[in-house]
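Asks: After the structure tokens below, expect a handful of questions from me.
The values are calculated or read from the model by the stated rules, or taken from the named source; none is laboratory data. These numbers come from a predicted model, not from an experiment. All Cβ positions, even for glycine, are placed from backbone atoms using ideal geometry, and neighbour counts span all protein chains on display.
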Amino acid sequence: MEKILPPPTTSPARTEPAPIPFFTQATSFGELWPEIRAHCVDILDRGKFSHGAKVAEFEGALARWTGARHVVGVNSGTDALVLLLRAAGLRPGDEVIVPAYTFIATAGSVVLAGGVPVFADIEEHGYGIDPRSVEAVVTPRSRMVMPVHLFDRLADMRGVHAVARRHGLTVLEDSAEAIGMRLDGTHAGLLGVGGVLSFFPTKTLGAIGDAGALLTDDDAVAETARALRHHGRGGRTLDHFPGIANPTVLSGLNSKMDDIQAAVLLTKLARLDADIVRRDELSARYDDRLRGVPGVYAVPGAVPPHPGGNRVCYVHLIEVRDRDALVAHLAAKGIESETYYPVPMHLQPCFAHLGHAPGDFPRAEAACARALALPLYPDLAEWQVDRVCDEVENFYAGGRR
Ligand SMILES: *Cc1c(COP(=O)(O)O)cnc(C)c1O
């Protein structure tokens, strides 16, 4: 006779709390969804997907929001960096000083533009490039310095400019994360010759795929970048033969922004100020809970911005002991976190030929070992922040439940 088994249970014995994703786009449109959807349908009906009117409209709106004289919409933050470096006059073999602690695209774009990245360490407090370290790595081939504004605040731009003036370096900014960050009212990306923004979906202003922009107050840089994003069309000179006028042969890329992305970004731009306020509220709540917790070495709010700078929390980044074990603990509780950034530039395999060794940039290496980004987006709820904090506390209380 067959044994009669109990019916399979479909509901767990006790209900697990809902998982907390690191990022979710599904709900990020909120009340904007009908408008975004209508724009997308309209573009589909018209059938003009690239280089259409929406891109120019978005560029104008973003220029007003940032105060930039020129905004050049492109297909990603990375391509914006490549266009910026080339439009600002990088020549093959020129050295560009960048921080050892950043997203890979900062250094990668230098290589793509034909330059050589040279690394410098970051500040003692905060994650910007350290002007003293910049000065220490300058060589006769140094031509540009490109600070990166990471997570929630600007790099030390006054310090960087002082070094740049002494050595005749052009200052560009990887401001991909820095929408809303300003120094004495001037938007990130406009504190040197030019900068970029990324609209990757996780960024403070996110598209529904890849998109980016170049910001500059310099007419010539903007004109060259506009040509380069479209196969070099409309450029006035041959970049490899300076001075030779030829309207069609600047060797360009195909980096155009899609109209659908422009329409989404234009709609979301209207809510950007509110989104930034919400991010800062949530970030402050994390700080209140996690400041002083044993095992948590650093919380963002503990380090003030450089004088004249504001805080805009794109990433809520803490530094912790036993980072990887904490990541696993959170994951077991259904909480996603991210290690921003796990490997410093000088120890990346693709830059092994530059001859660096562990210990060359100790602050960058320490940040890579300790940094942990917690979920942060405008539609994250207070109770979710509290639950993440509970689990961080549990972990360091030795509970490791
Ligand atoms: C996101 C980001 C980029 C690249 O932007 P994409 O749009 O993803 O190409 C470059 N630099 C930094 C610091 C970034 O955070």
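Asks: Contact list please: Cβ distance under 6 Å, first residue in the range 191-216 and within 20 Å of I260 (Cα to Cα) and of a type in the set (S, T, N, Q), second residue more than 10 Å from the ligand (Cβ to nearest atom) and at pLDDT 95 or above, pairs at least six apart or on different chains.
Replies: Matching pairs, first to second residue: T204/I179.
Asks: While we're looking at this one, here's another question. Right, G89: surrounded by fewer than 24 Cβ atoms within 10 Å (Cβ to Cβ), outside any helix (DSSP H, G or I), in contact (Cβ under 8 Å) with a residue 60 or more places away in the chain and in the same structural domain as A61 (by TED's automatic domain parsing) or not?
Replies: Yes; evaluated as a whole, the condition is true for this residue.
Asks: Look through the range 129-168, keep the residues that are touching a Phe, Trp or Tyr at 6+ places or on another chain (Cβ under 8 Å) and in a helix (DSSP H, G or I), and return whichever of them is farthest from the ligand (Cβ to nearest atom).
Replies: V137
Asks: Have a look at G232, G206 and point out the one that is of a type in the set (G, A, S), part of a loop (DSSP other than H, G, I, E, B) and within 16 Å of the ligand (Cβ to nearest atom).
Replies: Working: G232 fails: within 16 Å of the ligand (Cβ to nearest atom).
None of the other options fit; the residue is G206.
Asks: Considering only residues that are under 13 Å from R86 (Cβ atoms) and within 16 Å of the ligand (Cβ to nearest atom), look in the range 210-225 and name the one that is surrounded by the most Cβ atoms within 10 Å (Cβ to Cβ).
Replies: L214
Asks: Something else: Helices (runs of 4 or more DSSP H) wholly in the range 250-344 with at least 3 residues that are of a type outside the set (A, V, I, L, M) and not assigned by TED's automatic domain parsing to the domain that holds S198 - which ones? Give the derivation first.
Replies: On the way: elements: 259-269, 272-290, 323-332.
In the range 250-344, 272-290, 323-332 are the helices (runs of 4 or more DSSP H) which contain 3 or more residues that are of a type outside the set (A, V, I, L, M) and not assigned by TED's automatic domain parsing to the domain that holds S198.
Asks: Quick one: count up the residues across the range 71-86 that are in a helix (DSSP H, G or I) and either more than 7 Å from the ligand (Cβ to nearest atom) or not small (G, A, S) (or both). Even if it seems obvious, please write down each step before you answer.
Replies: As a first pass, look at the range 71-86 and keep what is in a helix (DSSP H, G or I): 77-86.
Restricting the remaining residues to those that are either more than 7 Å from the ligand (Cβ to nearest atom) or not small (G, A, S) (or both) gives 78-86.
The total comes to 9.
Asks: Take F151 and decide whether it is buried (at least 19 other Cβ atoms within 10 Å of the Cβ) and either more than 26 Å from L228 (Cβ to Cβ) or in the same structural domain as P344 (by TED's automatic domain parsing) (or both).
Replies: Here the answer is yes, as F151 does meet what is asked.
Asks: Of T106, T102, which residue is within 24 Å of V315 (Cβ to Cβ) and not in a helix (DSSP H, G or I)?
Replies: Going through T106, T102 in turn, the sole match is T102.
Asks: Has the range 96-111 got at least one residue that is surrounded by fewer than 24 Cβ atoms within 10 Å (Cβ to Cβ), in the same structural domain as L191 (by TED's automatic domain parsing) and away from the ligand (no atom under 15 Å from the Cβ)?
Replies: The answer is no, given that none of the residues of the range 96-111 is surrounded by fewer than 24 Cβ atoms within 10 Å (Cβ to Cβ), in the same structural domain as L191 (by TED's automatic domain parsing) and away from the ligand (no atom under 15 Å from the Cβ).
Asks: Are any of the residues in the range 186-195 away from the ligand (no atom under 16 Å from the Cβ), assigned to a loop (DSSP other than H, G, I, E, B), β-branched (V, I, T) and more than 28 Å from A373 (Cβ to Cβ)?
Replies: Yes, there is a match, as at least one residue in the range 186-195 is away from the ligand (no atom under 16 Å from the Cβ), assigned to a loop (DSSP other than H, G, I, E, B), β-branched (V, I, T) and more than 28 Å from A373 (Cβ to Cβ).
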